[in-house]
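See below for the structure under consideration.
We did not get these values from a lab; they are worked out from the coordinates using the rules stated. Computed from a predicted structure; not experimentally measured. As a convention, Cβ positions derive from the backbone with ideal geometry for all residues, glycine included, and neighbour counts pool all protein chains shown.
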Amino acid sequence: MRLELVSVALGPAATPTLPPVSGVLTDEGPAVVAVGGERGPLFASLIAGGRLAPERGSVLLDGSDDAAVLRRAVALVDTPMVAEPAAALPVATVVREELVFAERHGGRADAERVLAELGLRRWLHRPIADLPAADRLRLLLTLAARRPGVRALVLTSPERHGGPTADWLALAAEFTAAGTPVLVIAGHAVEAATRFALPVLTGRPGPTS
C-alpha cells in the first residue's frame, strides 16, 4: 500500500489556503506530515482521504488518482468538523455509531464489548471529551480500522488533545504494524518533536513554489 500526497495545495499560489504539501505513507511504517496554518491539517486530511479535491497537485493510492477508490480505502480519524465526535457525546454512543459505520452490530452490548477489549469500560457513560488523549485516539483508530475496505487511516492533529507526543506516535506505529498504516497530519508545532522520535517518518512539507 502506498498513499502519496504530491504537492497538494488550495488557493492562489501567492496567498494559498493550503500551501503545497507532500508526504508518503506505506506499509513499512507510519508517517507524519506537518502542515502550516490554522486549518491546514484539516484541509490536508480531507484531501488525503479523497473528501476534497486539491486545486493543485494530486493524491495517489498505489499509483491511482481515483477519488472514489481513495474514499473507500482511507478513513479519517478525529478530523475536526468531519470525523470528530461531539465533545458531549457519551463514549458508548460514539462507539455504537462507529460500529454502524463498520457494518457491525451497534447495540449497547456491542459497545460494552469493544470498550472492555480496550480496557475502557469504565468510560461507558462519560462524555468522549473526558477520555484521556491516548485512550481517545486508540478507541477512534480501532473503530475506524474495523470499517470494511479500509486500508489506511489519516489521523488529524492529535496534538490538540495534549499528552505526550510519544503516545500518539506509538499508536501510529502500532496500528501500522498491525496492518493498517497511519498517516498523521498535524500542525507545524509537532515537527521538532517528531523529527528524531520516529525513524520511519516519510511525511514532509511540500515545496512553496
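For the pair region 39-57 and region 59-77, the centres of their Cα atoms are 12 angstrom apart.
Tilt of helix 108-117 relative to the longest C-alpha principal axis of the chain, in degrees (0 to 90, nearest 10)? Roughly 70 degrees, rounded to the nearest 10. Give the calculated FRET efficiency between D130 and A178 to the nearest 0.05, with a Förster radius of 41 Å applied to their Cβ-Cβ distance. FRET efficiency, D130 to A178: 0.95. The loop-placed GluC sites (Glu not before Pro) in region 1-40, going by DSSP, that have at most 10 neighbouring Cβ atoms within 10 Å of their Cβ come out as E38.
Extension gain for V150-E28 works out to 42.2 nm (0.36 nm per residue, less the C-alpha to C-alpha distance).
Helix 91-101 and the longest principal axis of the Cα set of the chain meet at an angle near 60°.
Hey, got a sec? Which GluC sites (Glu not before Pro) in region 75-153 land in a DSSP loop and have at most 12 other Cβ atoms within 10 Å?
Numbers: sites: E97, E98, E103, E112, E117; in loops: E103.
Within region 75-153, the qualifying GluC sites (Glu not before Pro) (loop, at most 12 other Cβ atoms within 10 Å) are E103.
Dividing the alpha-carbon Rg of region 113-160 by 2.2 N^0.38 Å yields what? Don't jump to the answer; show the numbers that get you there.
Values: Rg = 11.6 Å, N = 48, 2.2 N^0.38 = 9.6 Å.
That works out to 1.21 for region 113-160.
Were the residues from A53 through R2 laid out at 0.36 nm apart, the gain over their Cα-Cα distance would be 16.5 nm.
The structure-derived value of Rg/Rh (Cα atoms, Kirkwood Rh) appears in the list (i) 0.94; (ii) 0.96; (iii) 0.99 under the label (ii).
Kindly provide the trypsin sites (Lys or Arg not before Pro) of region 1-98 that DSSP labels as loop, not H, G, I, E or B, and whose Cβ sees at most 16 other Cβ atoms within 10 Å. Could you put the intermediate results ahead of the total?
Working: sites: R2, R39, R51, R56, R71, R72, R96; in loops: R39, R51.
Of the trypsin sites (Lys or Arg not before Pro), the ones in loops of region 1-98 whose Cβ has at most 16 other Cβ atoms within 10 Å are R39.
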